[in-house]
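Visitor: First, the structure itself, so that you have it in front of you.
The values are calculated or read from the model by the stated rules, or taken from the named source; none is laboratory data. A quick note: this is a predicted structure, and the numbers were derived from the prediction, not measured. Using ideal geometry, Cβ is built from the backbone for each residue, glycine included, and neighbour counts are taken over all protein chains shown.
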Amino acid sequence: MKSLGSIRRDFAPWADPGAKPYISFENVTKKFGDFIAVNDLSLNIYEREFFALLGASGCGKSTLLRMLAGFDEPTSGRILLDGQDLRGIPPYRRPVNMMFQSYALFPHMTVEGNIAFGLKQDNMPKAEIEARVKEMLRLVKLEQFAKRKPHQLSGGQRQRVALARSVAKRPKVLLLDEPLGALDKKLREETQFELMDLQQSLGLTFVVVTHDQEEAMTMADRIAILDKGEVMQVATPAEVYEAPGSRFVAGFVGNVNMFEGRVAARDAGIARITGASGAEIIVENAGDAETGNAVSFAIRPEKIKVSSRRPEGAVNAMEGEVFDLAYLGDMTVYHVRLDDGQVVKASSLNASRVTEDPLTWNDRAWISFPPDAGVVLTR
Amino acid sequence: MSEAVIDRENGAVAAKGRSLAGRAANAVVSRLVILVPYLWLLIFFLAPFVIVFKISLSQTAIAMPPYDPVLSLADGVSGLLEQLRQLSIDNYVWLTEDALYFNAYVSSVVIAATSTFLTLLVGYPIAYGMARAPASLRPTLLMLVILPFWTSFLIRVYAWIGILKPEGLLNQFLMALNIIDSPLIILNTHTAIFIGIVYSYLPFMILPLYSSLEKMDYSLIEAAKDLGCTPNGAFWKITFPLSLPGVIAGCMLVFIPAVGEFVIPDLLGGSQTLMIGKTLWNEFFANRDWPVSSAVAVILLLILIVPIMIFQNAQARAQEQER
């Protein structure tokens, strides 16, 4: 079955029109003086969802998170959590907890003290607090560090303490502000999976802010891509990657080749796009593009095949010259300059150890791709 | 091995020798650098202290200088030993016999402690406000705190006489507003001393408090609130404990000089105020009893050693934490 759905089987509440959103941003605008951080934004997040807000710095993603936590109030519009309007509710009365980008661990308290802090505010009985702290320490594998102060821990350990502290109160929603930003690459990859496991086992709703697309793609059920305070697209990682809704999204997530052109003819789903130089592309997924529209054809490098001769039966094929190539071990990335001057990136998996007659610098080469390999973008 | 190689090796050895010599020279220089402050302390702190301590063991005499014995080598080593034998702890015994000194010490410590606490009460909100002010405004605010130092301390204390005296600015103002009928008696009371000390030492409280509050990460407060802590609770559980090094430093910087304060109690506190600084001044200038006043000074120093050590300890710990 071909699909671009959820990675978690049987979990797609957003596709169910009857499902009630857990968190709703309704026409939320936030201004700081003249600066519009969030512009008339509406967004639904569902219970138990792992939701990522992805965007470059200054796109308003952190402001959204801070409004959810209660540190900032929307200038207009409203935010609902489980049907309740959050306006005017101070952060210390909201059933959400946040894991801060800087971790914000209390330096004068031990690891235990940090984790117990939120529980103490709720006047939880002492025995229960102790039990919960132990449970949290076990969860993040820091049992033997309970008595340490934050400055005696490594970066990865601090991140775990911050995580344990923020989930200790069993919040309805956990907000994570760049949770892996301060970790090195290897640790980050490990922690991504741990976060996913944690979210599954605790059954919490996670809203994570990140600028790292790979992080968002790996962890999230759905991703909202933000730009200048507006939502560009909300979709599953696969949809965002394979069916981007706009040029911005296509360019923001992953590598992409863009061919500019005009729809010359359109028949059912199939369209013929003509570029400025006369090159033609036949596309199956033309979307809402109509004849005469100026469009971009977006195709990912790994969908393009590079060969020394024109492949037989190829619908779309163009000729050019290998202008640069990078051997990365698992794959090779070719930069092919087409005869009309456009440079196309194509990556091919090195599935076998040796290649007969490999392409090299300045070789003539053909790029080719099937009609369903890319998407047509009108926006 | 060819000669060239040997030559090069010799060169390398020579270079190594030079760098070793350089390192040794560096070590000497760094010792010298450390030596300078030690010399300073030796000449301007330890030596005077030894002199004062020696005088405190002498007896008053109508002479120049007004104590006896004066140590000298005029009569040779045996003469010097004879002079040393004359030293006694009589003056210290005297301090315990006359209740005046004990009362003056206690009263000084109480007044200094009270005014330190008042300075903290006034200084903390100011320092907190400064630390939370927009970053562009902070240098100006700091400047305003330091500004009073540009005029003489003595003149500023005199100015308070003009404000606090029965027919002074404060009373005139309050009477003009019909808040009071008869002038308040503030001058020549402990209240005036507290006002004087709080006013004069406020910058010493504000600056360390400000520096510890300013470097505090505001996201800690947000984290506390996020975990269910009210703003008030967040202050007492997070902000205040984290500013403790600043609180201790500020309190010690006010308390230590306030114990021995002379000018403020003398000008604002009137004649009945009992503070050790005034007692010391009286012994020295009015009674011309150098040995007893030296003994008073030595005991004062001993009393202050405890808070000074607390201060040093807090500083060391604060530095440790920053690392």
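Visitor: If you go through segment A:116-170 one residue at a time, how many are among the β-branched types (Val, Ile, Thr) and under 22 Å from A:GLU190 (Cα atoms)? First the steps, then the outcome.
Guide: Filtering segment A:116-170 down to residues among the β-branched types (Val, Ile, Thr) leaves A:129, A:133, A:140, A:161, A:167.
Subset that is under 22 Å from A:GLU190 (Cα atoms): A:140, A:161, A:167.
Final tally of qualifying residues: 3.
Visitor: Can you confirm whether A:LEU65 is part of a helix (DSSP H, G or I), within 14 Å of another protein chain (Cβ to nearest Cβ) and within 27 Å of A:ASP212 (Cα to Cα)?
Guide: Working: part of a helix (DSSP H, G or I): yes; within 14 Å of another protein chain (Cβ to nearest Cβ): yes; within 27 Å of A:ASP212 (Cα to Cα): yes.
So A:LEU65 fits the description; yes.
Visitor: Tell me yes or no: at least one residue of segment A:351-359 is modelled with pLDDT of 85 or more, at negative phi and in the same structural domain as A:GLY278 (by TED's automatic domain parsing). Quick ask: steps written out before the conclusion?
Guide: Kept after step one, since they are modelled with pLDDT of 85 or more, are these residues of segment A:351-359: none.
Within segment A:351-359 (the criterion being modelled with pLDDT of 85 or more, at negative phi and in the same structural domain as A:GLY278 (by TED's automatic domain parsing)), the answer is no, since none of the residues qualifies.
Visitor: Residue by residue through segment B:174-227, note down the ones that are touching a residue at least 12 places away in the same chain (Cβ under 8 Å), of a type in the set (Val, Ile, Thr), touching a helix residue (DSSP H, G or I) at 6+ places or on another chain (Cβ under 7 Å) and more than 30 Å from A:ASN114 (Cβ to Cβ).
Guide: Within segment B:174-227, B:ILE186, B:ILE193, B:ILE195, B:ILE197, B:VAL198, B:ILE206 meet the criteria.
Visitor: Taking segment A:57-92 only, how many residues are among the charged types (D, E, K, R) and within 24 Å of A:ASP227 (Cα to Cα)? Spell out the reasoning first.
Guide: Going through segment A:57-92, the residues among the charged types (D, E, K, R) turn out to be A:61, A:66, A:72-73, A:78, A:82, A:85, A:87.
Imposing the further condition that a residue be within 24 Å of A:ASP227 (Cα to Cα) reduces the set to A:61, A:66, A:72-73, A:78.
Going through segment A:57-92 one residue at a time, the tally reaches 5.
A quick yes/no check of all residues on (1) within 30 Å of A:ARG266 (Cα to Cα); (2) within 27 Å of the chain's Cα centre (by Cα):
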position	(1), (2)
A:SER296	yes, yes
A:MET318	yes, no
A:VAL322	no, no
A:LEU328	no, yes
A:GLN342	yes, no
A:LEU349	no, yes
A:VAL354	no, no
A:TRP361	no, no
A:ALA373	yes, yes
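Visitor: For segment B:88-110, what are the residues that are crowded, with 16+ Cβ neighbours inside 10 Å and among the hydrophobic types (A, V, I, L, M, F, W, C)?
Guide: Hits for segment B:88-110 are B:LEU95, B:ALA104, B:VAL109.
A quick yes/no check of all residues on (1) more than 28 Å from A:ALA37 (Cβ to Cβ); (2) more than 11 Å from every other protein chain (Cβ to nearest Cβ); (3) among the acidic types (Asp, Glu); (4) free of Cβ contacts under 8 Å to residues at least 24 places away in the same chain:
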{"site": "A:CYS59", "(1), (2), (3), (4)": "no, yes, no, no"}
{"site": "A:GLN84", "(1), (2), (3), (4)": "no, yes, no, yes"}
{"site": "A:GLU112", "(1), (2), (3), (4)": "yes, yes, yes, no"}
{"site": "A:PHE117", "(1), (2), (3), (4)": "yes, no, no, no"}
{"site": "A:VAL140", "(1), (2), (3), (4)": "yes, yes, no, no"}
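Visitor: Having 3 or more residues that are within 20 Å of A:VAL354 (Cα to Cα) is the bar; report the strands (runs of 3 or more DSSP E) wholly within segment A:280-332 that clear it. Spell out how you get there, then give the answer.
Guide: Values: elements: A:280-283, A:294-299, A:305-307, A:316-327.
Output list reads A:305-307, A:316-327.
Visitor: I'm trying to understand the selection: among the residues of segment A:199-208, which are away from every other protein chain (no Cβ under 14 Å) and either in contact with a helix residue (DSSP H, G or I) (Cβ under 7 Å, 6 or more places away or on another chain) or not in a helix (DSSP H, G or I) (or both)? It would help to see each step written out before you state the result.
Guide: So the first thing to find is which residues in segment A:199-208 are away from every other protein chain (no Cβ under 14 Å), and the list is A:199-206, A:208.
A:LEU202, A:GLY203, A:LEU204, A:THR205, A:PHE206, A:VAL208, listed by residue number.
Visitor: Moving on. State whether the residues of segment A:150-172 include one that is at pLDDT 90 or above, closer than 27 Å to A:ASP16 by Cα and either buried (at least 22 other Cβ atoms within 10 Å of the Cβ) or outside the structural domain of A:THR110 (by TED's automatic domain parsing) (or both).
Guide: Within segment A:150-172, not a single residue is at pLDDT 90 or above, closer than 27 Å to A:ASP16 by Cα and either buried (at least 22 other Cβ atoms within 10 Å of the Cβ) or outside the structural domain of A:THR110 (by TED's automatic domain parsing) (or both).
Visitor: Here's a follow-up. Let me spell it out: the conditions are (1) out of contact with any Leu (no Cβ under 8 Å at 6 or more places or on another chain); (2) in a helix (DSSP H, G or I); (3) without any contact (Cβ under 8 Å) to a residue 40 or more places away in the chain; (4) not hydroxyl-bearing (Ser, Thr, Tyr), and B:ALA113 meets all of them except one. Which number is the exception?
Guide: Among (1) out of contact with any Leu (no Cβ under 8 Å at 6 or more places or on another chain); (2) in a helix (DSSP H, G or I); (3) without any contact (Cβ under 8 Å) to a residue 40 or more places away in the chain; (4) not hydroxyl-bearing (Ser, Thr, Tyr), the lone unmet condition for B:ALA113 is (3).
Visitor: Of the residues in segment B:212-243, how many are more than 7 Å from every other protein chain (Cβ to nearest Cβ), of a type in the set (A, V, I, L, M) and within 13 Å of B:TYR128 (Cα to Cα)?
Guide: Going through segment B:212-243 one residue at a time, the tally reaches 2.
Visitor: Limited to segment A:228-241, what total is found for residues that are over 13 Å from the mean Cα position of the chain (by Cα) and either surrounded by fewer than 18 Cβ atoms within 10 Å (Cβ to Cβ) or modelled with pLDDT of 90 or more (or both)?
Guide: 2
Visitor: How many of the residues making up segment B:282-323 are under 15 Å from B:THR60 (Cα atoms), in contact (Cβ under 8 Å) with a residue 24 or more places away in the chain and charged (D, E, K, R)?
Guide: Qualifying residue count for the region: 2.
Visitor: Can I ask one more? Considering every residue within segment B:296-314, establish whether at least one is away from chain A (no Cβ under 14 Å), touching a strand residue (DSSP E or B) at 6+ places or on another chain (Cβ under 8 Å), surrounded by fewer than 16 Cβ atoms within 10 Å (Cβ to Cβ) and not β-branched (Val, Ile, Thr).
Guide: Within segment B:296-314, none of the residues are away from chain A (no Cβ under 14 Å), touching a strand residue (DSSP E or B) at 6+ places or on another chain (Cβ under 8 Å), surrounded by fewer than 16 Cβ atoms within 10 Å (Cβ to Cβ) and not β-branched (Val, Ile, Thr).
Visitor: For A:ALA250, indicate whether it is more than 15 Å from A:VAL376 (Cβ to Cβ) and buried (at least 17 other Cβ atoms within 10 Å of the Cβ).
Guide: For A:ALA250, the condition - more than 15 Å from A:VAL376 (Cβ to Cβ) and buried (at least 17 other Cβ atoms within 10 Å of the Cβ) - is not met.
Visitor: Now a separate question. Quick one: A:ALA298 ticks every box in (1) surrounded by 16 or more Cβ atoms within 10 Å (Cβ to Cβ); (2) within 26 Å of A:THR360 (Cβ to Cβ) except a single one, so which number is it?
Guide: Exception for A:ALA298: condition (2).
Visitor: Would you confirm whether any residue within segment B:147-170 is over 21 Å from the mean Cα position of the chain (by Cα), among the polar types (S, T, N, Q) and assigned to a loop (DSSP other than H, G, I, E, B)? Don't jump to the end; show me each part of the working.
Guide: If we filter segment B:147-170 for residues that are over 21 Å from the mean Cα position of the chain (by Cα), which is where we start, we get B:158-170.
Narrowing further to those that are among the polar types (S, T, N, Q): none.
No, because not a single residue in segment B:147-170 is over 21 Å from the mean Cα position of the chain (by Cα), among the polar types (S, T, N, Q) and assigned to a loop (DSSP other than H, G, I, E, B).
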